[in-house]
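First the structure, in the form of structure tokens, and then the observations on it.
The values are calculated or read from the model by the stated rules, or taken from the named source; none is laboratory data. Quick caveat, the model's predicted, so the values are computed rather than measured. With ideal geometry, Cβ positions are generated from the backbone for all residues, glycine too; neighbour counts draw on all protein chains shown.
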Amino acid sequence: MSAFHLVAGTCCTAAVMLGTTIAGAQNYPTKPIRVYTSEVGGGPDFTIRLLAPELSNRLGQQIVVDSRVAQLSIENTAKAPPDGYTLVLIGAPLWVLPLLRAKLPFDTLRDFIPISLAVNSPSVVVVHPSVPVKSVKELIALAQARPGDISFASGSTGSATFLAGELFKSMAHVNIVGIPYKSSGPALIDLLGGHVQLAFANAGPASGYVKAGRLRALAVTSLQPSALAPGLPTVASSGLPGYEAGSKQGLFAPAGTPAAIVTRLNHEMVEILNLPEIKQRFFNSGVETVGSTPEEFAAKIKSEMARLGKMIREIGIKPD
């Protein structure tokens, strides 16, 4: 049964469970909490290390950050006791890997309870100044007129930049060519040099080059306009209704974690994410804090998996 659904029980059973979870939440936590995340230096690792001190202060226990390869962090959390002492703060690998891999030792919808969407980092559609377009509509028209001539900097399969570019191709019905890069640094260097014409770049690193006139920004990939890219329209409002891309990260617990503990963790996370100093520190790094209810986060994940799964099937990627 999916941990993303509320299940009704008998009144007697519900009363017993409610009493148990309330007692568990009142005593929680009584020891350090381990939070798995991605490799040191990655986005989720940065996020939890910024949040951990405040979360530790509020819970009265140490937050132990355990940085590993994303898939291993996910697997370790799925296998952990559902007692609130093992969590994972992770991004797209949790809901994208199942769309790309035929066999995984975890099920996103069955094995995890979303606690809160923590942060979102939208991308900015940027082109080299030699590309004769000033809007997304003009970019689409140019790509349709010159199929295969425009290339975009892409990360590895399943990465945020890969998904942003492939989703753009699919929704706009254009043939632009993804050129894979191991990291955003070399990708931006090649874009600045004109070796690729287009990128879906993080707003932070790209903004300086846009201000200097070395790149031209066309739109932001969030559904709503973003303060990280002031003055830019969204892709969705510029010719591709419904388009959304970016790097989302959130906190999860193993399925079966008592509801009262999930509620406590959600409350603390949302309050921390709304602290002005926390919001500013993330903003300075090109990231927006979000905060959500568990139900809102669960619905978002389901929506992302449906939307991206459809796109992955359309472009012919088969789970390996």
Exercise for review: Return the total of residues in segment 109-158 being among the polar types (S, T, N, Q), surrounded by 20 or more Cβ atoms within 10 Å (Cβ to Cβ) and either without any contact (Cβ under 8 Å) to a residue 60 or more places away in the chain or over 16 Å from Ala199 (Cβ atoms) (or both).
Suggested key: 3
Point to revise | Hits in segment 190-222 - residues which are within 26 Å of Thr289 (Cβ to Cβ), among the aliphatic types (A, V, I, L, M) and out of contact with any Phe, Trp or Tyr (no Cβ under 8 Å at 6 or more places or on another chain) | key: Ala201, Ala203, Ala206, Val210, Ala217, Leu218, Ala219, Val220
Practice item. Name the residue, out of Ser130, Ser116, Ser151, that is of a type in the set (S, T, N, Q), under 19 Å from the mean Cα position of the chain (by Cα) and modelled with pLDDT of 95 or more. Key: Ser116
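Would you confirm, using the coordinates I've provided, whether Leu223 is in contact with a helix residue (DSSP H, G or I) (Cβ under 7 Å, 6 or more places away or on another chain) and more than 30 Å from Pro53 (Cβ to Cβ)? Spell out how you get there, then give the answer.
Values: in contact with a helix residue (DSSP H, G or I) (Cβ under 7 Å, 6 or more places away or on another chain): yes; more than 30 Å from Pro53 (Cβ to Cβ): yes.
So Leu223 fits the description; yes.
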Check your understanding: Is there a residue being basic (Lys, Arg), at pLDDT 95 or above and within 20 Å of the chain's Cα centre (by Cα) anywhere in segment 271-281?
Key -> yes
Check your understanding: How do the pairs read when you match residues in segment 299-319 that are closer than 18 Å to Asp107 by Cα with residues anywhere that are surrounded by fewer than 12 Cβ atoms within 10 Å (Cβ to Cβ), using Cβ under 6 Å and keeping only pairs 6 or more apart or on different chains?
Key -> Pro319/Ala102
Point to revise | Residues that are among the aromatic types (Phe, Trp, Tyr) and either at pLDDT 95 or above or not assigned by TED's automatic domain parsing to the domain that holds Ile63 (or both), drawn from segment 283-295 | key: none
Exercise for review: Kindly check whether there is at least one residue in segment 60-76 that is buried (at least 20 other Cβ atoms within 10 Å of the Cβ) and either of a type in the set (S, T, N, Q) or not assigned by TED's automatic domain parsing to the domain that holds Met269 (or both).
Suggested key: yes
Review point. Among the residues of segment 25-48, is any part of a helix (DSSP H, G or I), surrounded by 18 or more Cβ atoms within 10 Å (Cβ to Cβ), assigned by TED's automatic domain parsing to the domain that holds Met305 and in contact with a Lys or Arg (Cβ under 7 Å, 6 or more places away or on another chain)?
Key: yes
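Determine whether segment 243-264 contains at least one residue that is surrounded by fewer than 17 Cβ atoms within 10 Å (Cβ to Cβ) and without any contact (Cβ under 8 Å) to a residue 12 or more places away in the chain.
Looking for residues that are surrounded by fewer than 17 Cβ atoms within 10 Å (Cβ to Cβ) and without any contact (Cβ under 8 Å) to a residue 12 or more places away in the chain, one finds none in segment 243-264, hence no.
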Check your understanding: Looking at segment 271-292, which of its residues are in a loop (DSSP other than H, G, I, E, B) and either within 23 Å of Val124 (Cα to Cα) or touching a Leu at 6+ places or on another chain (Cβ under 9 Å) (or both)?
Key -> Asn284, Ser285, Gly286, Val287, Val290, Gly291, Ser292
